[in-house]
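Working notes for the structure below.
Values in this text are rule-based calculations from the coordinates and carry no lab data. Model, not experiment: these values are computed from the prediction. Backbone-built Cβ (ideal geometry, glycine too); neighbour counts: all protein chains shown.
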Amino acid sequence: MKLSRPISWFLLAFGVWSWAIWFTFVKNLWKDSSGLAFDDAGDPTAYFWVHLLLAITSFLLGTGIGVIGFRGLRALRHEDAAEKQPH
């Protein structure tokens, strides 16, 4: 399958966006003092574990989608270079 340049850029940007958003979320989750993520004894709550699992899933999906976009852009660059070479 051949990806277009705009689609490849979108997928790469989605991967980067996913990492930026979820990294910030996990950092804030870890520092949570509202009582949602950690109970009074400092132990993680179900809220913490569910959201950590969501973040890990999003990291993995974002990485996979970003890699597809990167590979699409790299293939297009190689294709452009091959077209410019005299035959």
- Query: Tell me, which residue of region 28-69 that is exposed (fewer than 11 other Cβ atoms within 10 Å of the Cβ) and acidic (D, E) is nearest to V16 (Cα to Cα)?
  - Reply: D43
- Message: For the list (1) in contact with a helix residue (DSSP H, G or I) (Cβ under 8 Å, 6 or more places away or on another chain); (2) within 22 Å of G15 (Cα to Cα), I need the number of the one condition that L36 fails.
- Response: (2)
- Note on the structure: Going through (1) in contact with a Ser or Thr (Cβ under 9 Å, 6 or more places away or on another chain); (2) surrounded by 11 or more Cβ atoms within 10 Å (Cβ to Cβ); (3) not in a helix (DSSP H, G or I) one by one, L3 fails only at (1)
- Query: Would you say A75 is surrounded by fewer than 14 Cβ atoms within 10 Å (Cβ to Cβ), touching a residue at least 24 places away in the same chain (Cβ under 8 Å) and in a helix (DSSP H, G or I)?
  - Reply: yes
- Note on the structure: Within region 1-21, the count of residues that are of a type outside the set (F, W, Y) and over 13 Å from L76 (Cβ atoms) comes to 6
